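Since the structure comes first, as structure tokens, the remarks are kept for the end.
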Amino acid sequence: MYTLYYAPGAASLVVHWLLIDLGLPHDLVKLDIAAREHKTPEYLALNPSGVVPTLLIEGKPMCEAAAMAVLLAEAKPESGLIPPPGNAKRGELLQWMFYLANTLQPSFRLWWYPSEAAGEAHAEAGKATAEARIHDVFANLDAHLAKTGPYLLGECASVADFMLVMLMRWSRNMPKTALDYPALAKLATLMKARPSWKALYESEGLTEWA
């Protein structure tokens, strides 16, 4: 049994989406970020970093959305969302997951909160740098998908595609979005056609980028 502490549209989205797509039994605990419910002593006891998401697995807390996504895919190997150990594609899958979590996801935080790294006086320059990094990654991903897609591992969807589409969604308010890249846009269309996407939106009350 899983319990997901989430906030609509946050990094928890990929975990929630996979729980639905894989048909895994779960409970949800919604956190109000504006009210700083992710900074309460009770939540910090589960996730000392005070970030979303946290996934309880049989009562034991787990952090880091990308790690949760891999673990959930492994819980349902018959889904085909993660190659089994020993399969050559598994290394490729893990490479993409680490790339997305370590390169693309942090760049979005820098874009949203540029003063954290650059200081208030250099916030605009910091935001421009973050935006350039995001588009460098999008361009690399688009070229890869155009060559070997439609999915990151080729002909079949994997957990990495779930992670990527969540991060693509985060670009929706940028001057140029992920959907301006043809192969990325095709991937988004394929992934959003899954029934679990509609169920996710209904559950979290989301409307934008539907």
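The values are calculated or read from the model by the stated rules, or taken from the named source; none is laboratory data. Just so you know, these numbers come straight off a predicted model, no measurement behind them. For neighbour counting, all protein chains shown are included, and Cβ atoms are generated from backbone atoms with ideal geometry for every residue, glycine included. To get the accessible areas, we keep the full protein, side chains included, count just its heavy atoms, and leave off ligands, DNA and RNA. Shrake-Rupley method; radii C 1.70, N 1.55, O 1.52, S 1.80 Å.
To the nearest 20 debye, what is the magnitude of the charge dipole of segment 71-162 about its Cα centre, counting +1 on the Cβ of each Lys and Arg and -1 on the Cβ of each Asp and Glu?
Working: 7 positive and 11 negative charges, 41 e Å.
The calculated dipole for segment 71-162 is roughly 200 debye.
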Given the options ASP32, ASP142, ASP21, state which has the largest fluctuation in a GNM of the chain using a 10 Å cut-off (strictly under) for Cα springs.
ASP32
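Accessible area per residue of segment 137-210 at 1.4 Å probe, in Å²? Before the final figure, lay out each step's value.
Values: 3110 Å² over 74 residues.
Accessible area per residue: 42 Å².
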Which of these values of Kirkwood radius over Cα pairs in Å was calculated from the structure shown: (1) 16.9; (2) 18.8; (3) 17.8?
(3)
May I ask for the Rg/Rh ratio of segment 1-66, computed from Cα atoms with Rh as the Kirkwood radius, given to two decimals?
0.94
The answer for segment 69-121, accessible area per residue at 1.4 Å probe in Å², is 56 Å²
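Using alpha carbons only, what's the Rg to Rh ratio of segment 1-121 with Rh from Kirkwood?
Working: Rg = 15.8 Å, Rh = 15.7 Å.
For segment 1-121, the value is 1.01.
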Give the cross-link partners of LYS60 among the lysines, using a straight C-alpha distance below 21 Å as the criterion and excluding same-chain residues fewer than 8 apart.
LYS30, LYS39, LYS76
With Cα springs under 10 Å, the Gaussian network model of the chain assigns the largest mean-square fluctuation among SER79, SER49, SER12 to SER49
With +1 on each Lys and Arg Cβ and -1 on each Asp and Glu Cβ, and nothing else charged, work out how big the dipole of segment 163-210 is about its Cα centre, in Debye to the nearest 20.
160 debye
Counting Lys and Arg as +1 and Asp and Glu as -1, each charge on the Cβ, what is the dipole of the chain about the Cα centre in debye, to the nearest 20?
300 debye
Counting only protein heavy atoms and using a 1.4 Å probe, what share of the accessible area of the chain belongs to carbon plus sulfur, as a whole percent?
56 percent
I'd like to know which of LEU46, ALA69, LEU93 lies farthest towards the positive end of the charge dipole of segment 1-100, counting +1 on Cβ of Lys and Arg and -1 on Cβ of Asp and Glu.
LEU93
Please count, across segment 103-210, the pairs of lysine residues with Cα atoms under 18 Å apart that sit 8 or more places apart or on different chains.
4
Run lengths n ≥ 4 of DSSP H only: what is the helix-derived mean residue ellipticity at 222 nm for the chain, with -39500 (n - 2.57) per run over all residues, to the nearest 500?
-16000 deg cm²/dmol
Between segment 32-98 and segment 114-153, how far is it from one alpha carbon centroid to the other, in angstrom?
23 Å
